[in-house]
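Please read the structure below before turning to the comments.
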Amino acid sequence: MTGRFPDEVEVAIVGSGPAGSAYARVLAELVPGTRVAMFEVGPRLGEPAGVHVKNLPDDEAARARTASEGPGPAEVAPWRPGAARVRREGTFLLDAAHAGGMPSVAMSACVGGMGAHWTGACPRPGDDERPDVDGLDELLDTAERLLGVTRDPFADAPFAGTVRERLAAALDAGRAPDRRVGPMPLAVRVGADGAVHWSGADVVLGEATRADPAFGLHAEALVTRVVVEDGRAVGVRVRDRRTSEEHAVRARHVVVAADALRTPQLLWASGVRPAALGRYLNDQPQIVYAVRLRDVAGRPPAAASAGVSWVPYTRSEPFHGQMMQLDASPIPFVAQDAAPGSIVGLGWFCAKDVRAEDRVTFDAGDLDAYGLPAPTIHYGLSAVDRERTEAATAAVRRAAHALGEPLDPAPVVLSAGASLHYQGTVRLGRADDGTSVCDPTSQVWGVEHLRVAGNGVIGTEIAANPTLTALALAVAGARAIAADLTRTLTGARPAQGA
Ligand code: FAD
């Protein structure tokens, strides 16, 4: 041991969000006893590690949100129509000078990552959204299992049925059966007593990982470099944020799951710089609106949770809608005297026209608050994006008028970055042709035993909330590591089940 970290492990994972946790879980299921060290720059928020803050008592949750906000600018940017910069609790913004054309680009720094704060919407990608990997449907099934996804957890929420019936009548014509209006699958479990448990990285890690003594999670541990020797990743350098000491940890495999900005940051800082690194940066232009449901009789009792509905992406309408009945929305809409469930927040996410020039760059002479090369965003919307945003705005209006009376004069397009769904910066591809960073098992081209994970691996124009898809890709990568470890360390076949 050097300090509190091991000297050597089989697998080092950078980042403790849902993607890094999926690697740990699959390895714990397939090759239990594998020494896995997970490093997380942020603090632990509560029990179990990776817990979603909504499962904590209110005072602890408030402290946990603040503790996740890292070293970013202290400025508070609450949501309001037309706000130039939008920041959600539990996240911190990149400073304005580096945020460039994506003013609301944000990160979290805590055990569990953004997954300690997320809304848990887990739609499946459809049509052109689907990444080009073998066995995607089965990978998505496994990702749903790891995230604890429930198809319709709040089916009995006030007016949820009314919302779906009205939307279906207005929008379903011509849609394939799996692309029709329905409940939004959510990473949430509702107990027999009605108690709601939101899935964070704790659920992804699961008992299999927690019970494995060979797994170690190290909070307040900044990975400053992936060590590469002779074209192969052989470990990481870690700075203990409690003591500022530096440690070297040898590893047979390294997985960088440090979000779509800090994964390319760490590769760049480590001298791993394939041509596509940081490029194809893809945020989902987001349009919001709110309505009061028309003609709903009575005042139902307040429910523990509110309905969340989904209008899936289609090729001809390359955007996707998420309707959240008031109290489930992460964006505060004004309710005043509204009956529970009768105010509906509509959020439409557009698939970005993915372009190489939209990118994050780094400069060795310009360091961030952690001392790593600071990310600078170069980002803009194309003519295609503007067309899609207009079409999505029209779709939001149609949906709103089908439901009731809008609360605002017009839908609002949020500032770029507000979606928190950044993708593409370490995207996968079938060939090492300069347009991708890794192969379909997330193995980085040209550096053996180095994998990347998270939304950055997704290269398709996806409008759906991306975490489920990112975890499906992580499952494929983790299985490849398990197969290597099984071959080289035990000579046995991997266990079945993950
Ligand atoms: P993260 O969860 O961001 O975790 C990465 C971790 O890596 C961070 O904790 C970070 O501190 C750590 N790290 C970075 N660099 C280093 C380093 N050098 N050394 C050590 N550690 C490092 N997505 C959906 O799909 N559906 C939703 O409904 C949804 N709602 C959201 C609502 C909110 C309010 C927020 C904040 C996010 C939401 N998201 C949603 C986005 C979702 O949370 C992310 O897609 C998901 O958390 C990404 O997982 P990840 O593991 O790739 O990255």
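The values are calculated or read from the model by the stated rules, or taken from the named source; none is laboratory data. All values reported here derive from a predicted model rather than from experimental measurement. Here the Cβ positions follow ideal geometry from the backbone for every residue, glycine too, while neighbour counts run over all protein chains shown. Side chains are part of the model used for accessible areas, which takes the heavy atoms of the whole protein and leaves out ligands, DNA and RNA. Shrake-Rupley method; radii C 1.70, N 1.55, O 1.52, S 1.80 Å.
So here's what we get for this one:
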item	result
Dipole axis of the chain (+1 Lys, Arg; -1 Asp, Glu on Cβ), positive-most option in Leu420, Leu222, Val238	Leu420
Global form of segment 173-239, assessed from the alpha-carbon gyration tensor, a/c cut-off 1.5	oblate
Segment 368-498 - Kirkwood radius from inverse mean 1/r over Cα pairs (Å)	18.3 Å
Distance histogram for segment 238-279 (every C-alpha pair counted, 10 angstrom bins, percent rounded to whole numbers)	24, 47, 26, 3
Kirkwood Rh in Å, taken over all unlike Cα pairs in the chain	22.7 Å
Accessible-area composition of the chain, carbon plus sulfur, in percent [1.4 Å probe]	51 percent
Spin-label pair Arg386/Arg145, simplified geometry with 7 Å Cα→Cβ offset, distance in nm	4.8 nm
Semi-axes of the equivalent ellipsoid for segment 204-266, Cα gyration tensor, largest first, Å	21, 16, 14
Over segment 391-497, relative contact order from alpha-carbon pairs under 8 Å, at least 6 apart, %	18 percent
In nm, spacing of pseudo-spin labels at Thr243 and Ala410 (7 Å Cα→C-beta vector)	5.9 nm
³J(HN,Hα), Karplus 6.51/-1.76/1.60, whole Hz, each residue of segment 235-251, x for Gly, Pro	x, 9, 9, 10, 9, 6, 5, 7, 10, 6, 6, 9, 9, 9, 10, 6, 8
Spin-label model distance (nm) - Glu8 vs Ala173, 7 Å beyond Cα toward Cβ	6.9 nm
Share antiparallel - DSSP beta bridges, the chain, percent rounded to 5	75 percent
Solvent-accessible area of Trp310 with every protein chain in place, 1.4 Å probe, in Å² to the nearest 10	30 Å²
Relative packing of peptides 408-421, 364-377 - highest average C-beta neighbours within 10 Å first	408-421, 364-377
Cα-based equivalent ellipsoid of segment 194-233: semi-axis lengths in Å, sorted from largest, via gyration tensor	32, 14, 11
Length-normalised contact order for segment 123-251 - Cα pairs under 8 Å, 6+ apart - percent	18 percent
Positive dipole terminus of segment 1-116, leading residue within Val36, Val111, Asn55 (C-beta point charges)	Asn55
Debye intensity ratio in log₁₀ form over the Cα atoms of segment 1-131, taken at each q of 0.16, 0.18, 0.21 Å⁻¹	-0.97, -1.10, -1.23
Using alpha carbons only: equivalent-ellipsoid semi-axes of segment 106-158, gyration tensor based, whole Å	22, 19, 12
Sum of side-chain charges, Leu277 neighbourhood, beta-carbon under 12 Å (Lys, Arg +1; Asp, Glu -1)	+4
Point-charge dipole on Cβ atoms (K/R +1, D/E -1) for the chain, about Cα centre, debye to 20	200 debye
Rounded Å value of the spacing that divides the Cα centres of segment 145-181 and segment 12-77	30 Å
Size of electric dipole in segment 380-430: Cβ of Lys, Arg +1 and of Asp, Glu -1, about Cα centre, debye, nearest 20	320 debye
The chain, relative contact order in percent, only Cα pairs under 8 angstrom and at least six apart counted	23 percent
Local net charge near Arg239, Cβ-Cβ under 13 Å (Lys/Arg +1, Asp/Glu -1)	0
